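In what follows, a structure is listed as structure tokens, so that the remarks can point back to it.
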Amino acid sequence: MDTSTLSAPFVKTAIWLALAGVVVAVWWLGRDRPNPRRFGGALWCLVAALLVEAAMPWLSPRPAGVALVLTIAALSFAVVRGLVVTADLVVRRRQAHFSTIFRDLATLLVYTVVVLAVLRSVDVDVSALLTTSAIVTAVIGLALQETLGNVFSGLSLQLQKPFEPGDWIRFDKFLGRVQGIGWRSTALITRNLEVLDVPNGMLAREVVTNYRGNAVGDELFIGASYKTPPNVAKRVIVDVLRAVPDVVAMPPPVAAVVDYGDFAIKYRIRFWMVDYARQDAVRDAIMSSLWYAFRRHGIEIPFPIRDVYMHEGAHSATAADVIQQQRLAALHQVDFLADLDEAELGMLRSNLQDAVFGGDEIIFREGQPGDSFFVLRRGTVEVVARGAGGQETHVADLSAPAFFGEMALLTGEPRSATVRAKGDAELLVVERAGFEALFKTRPSVAAAVSRVLATRQSELRERREQSVVAESSESRSRRLLAKMQAIFGF
């Protein structure tokens, strides 16, 4: 026998085995990576086709024919699986959530066609398989009744689109974001990152609430003391809601009285948000901000206890005096008030109040009018200003003891920056009315204050521009004093 005739089958087998080895090596190198691992089914079908091809030179004609059919089937399955995985990866890059029911059914249909084609190629009577007895058909139909019901329910949900991937839906006692509609079930992910696999038939029967839209409504309840007029409490609540970033302006937030309880007036808070996934975070931000806002405005949040009021006489007066002394001591730390005596500072006493702001709360905004300035007694605040492009720029962080907002109060100019709290911040608020009485009684104090402010402004501008400004401190002092005289009328 010719040696070349014997070596040809060996060469063909070696080539096919080498190709199969390459495919296995590719799979092995990518087995720990999620995307390559998804091509594992296609690669193993390809390996099976290559192994069958490697064995074909050693088979007799009839087994070789069967092996050829198996090779075609394996290659077909490999191509279909590879195309399906590739399409799935492309879609996932464009959107995080999507339905797979049409993909799954199309894949099943293609696989069925491949199997039928393979059976026909080996002379199997396909028509006999398709026209089985009525009894067998009935048995199969009953066995697959629930599965087929889920398939048709999934098609109905996909065509009618009562919800789409990415929507938040609620049915029965479940709430979750739709990941996608499959041929048997719909995948949801809850706020606790739990994956729910819900049969399509169940969703088709249930009443489903879809939280899709430009704004999703929500509500909270809070109680306030009977000492506070409802209009005052509602105004404070609405101002807090407007300051929460996730609460939309339209529809506008609403606060309404819903009940006069045993201990408090109960208010219902209605607001709307864009992303329902942030409901818990938005509720937390609102309720936290309400505590600070109520505290600043002297609004009590009652709880069911019995209050016993005891008149302590001199002791209460002493405690109030201590608080006033602490406030005046804080004012002495302000440079333009440091030279005032106790009597002069005492004229501000009735226009002082304490305020507490929580983290990220806005104390005042750039461009707003200002009729008060603030002494920072505890905590840190951030000062930001808008640049030429409208974006916020960090200016400085102020830590206690510090003060800010005095220029708007004394000169009538709008706020030049936005100040927000970084963590809890305790402030002493000084109202404009106190300065009006002080300046009218002691005009010389206004002149001294204007000189201190002018000197400080000149120093700040020199440090900012690294050059001597054209306007002298004295002329700046006169200009500031003129503004103060116009505002306070002295």
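The values are calculated or read from the model by the stated rules, or taken from the named source; none is laboratory data. None of these values were measured; they are calculated from a predicted model. A quick note on method: Cβ atoms are made from the backbone with ideal geometry, for glycine too, and the neighbour counts reach across all protein chains shown.
Hey, does segment 256-278 have a residue that's assigned to a loop (DSSP other than H, G, I, E, B) and under 29 Å from Leu427 (Cβ atoms)? Yes, segment 256-278 has at least one match.
Taken together, the residues in segment 152-191 that are touching a His at 6+ places or on another chain (Cβ under 8 Å) and β-branched (Val, Ile, Thr) amount to 1. Mind checking which residues of segment 334-380 are of a type in the set (Ser, Thr, Tyr) and not in a helix (DSSP H, G or I)? Ser372, Thr380, listed by residue number. Can you say whether Met250 is closer than 23 Å to Ile362 by Cβ, within 27 Å of the chain's Cα centre (by Cα), buried (at least 16 other Cβ atoms within 10 Å of the Cβ) and at pLDDT below 90, as far as the supplied structure shows? No, not satisfied.
Taken over segment 198-220, the residue count meeting the criterion of being loosely packed, with under 15 Cβ neighbours inside 10 Å and at pLDDT 85 or above is 1. Selection of segment 412-453 for residues being closer than 15 Å to Phe364 by Cβ and either among the hydroxyl-bearing types (Ser, Thr, Tyr) or assigned by TED's automatic domain parsing to the domain that holds Tyr292 (or both) yields Ser416, Thr418. Out of the residues in segment 253-271 that are β-branched (Val, Ile, Thr) and buried (at least 19 other Cβ atoms within 10 Å of the Cβ), which is nearest to Gly223 (Cα to Cα)? Within segment 253-271, the match that is nearest to Gly223 (Cα to Cα) is Ile265.
Identify the residue in segment 330-341 that is hydrophobic (A, V, I, L, M, F, W, C) and surrounded by 12 or more Cβ atoms within 10 Å (Cβ to Cβ) and, among all such residues, is modelled with the lowest pLDDT. Among them, the one singled out is Phe336. Residues Ala470, Ala454, Ala388: which one is crowded, with 18+ Cβ neighbours inside 10 Å, farther than 30 Å from Trp291 by Cα and at pLDDT below 75? The match here is Ala454. Screening Val282, Val274 for residues that are surrounded by fewer than 17 Cβ atoms within 10 Å (Cβ to Cβ), under 17 Å from Pro252 (Cα atoms) and in contact (Cβ under 8 Å) with a residue 60 or more places away in the chain leaves exactly one candidate, Val274.
As for segment 411-418, it holds at least one residue that is at pLDDT 80 or above, in contact with a Pro (Cβ under 8 Å, 6 or more places away or on another chain) and at negative phi.
Among the residues of segment 327-341, is any over 25 Å from Tyr292 (Cβ atoms) and aromatic (Phe, Trp, Tyr)? Yes, because at least one residue in segment 327-341 is over 25 Å from Tyr292 (Cβ atoms) and aromatic (Phe, Trp, Tyr).
Per the listing Gly180, Gly166, the residue uniquely under 19 Å from Ala277 (Cβ atoms), part of a strand (DSSP E or B) and not assigned by TED's automatic domain parsing to the domain that holds Ala277 is Gly180.
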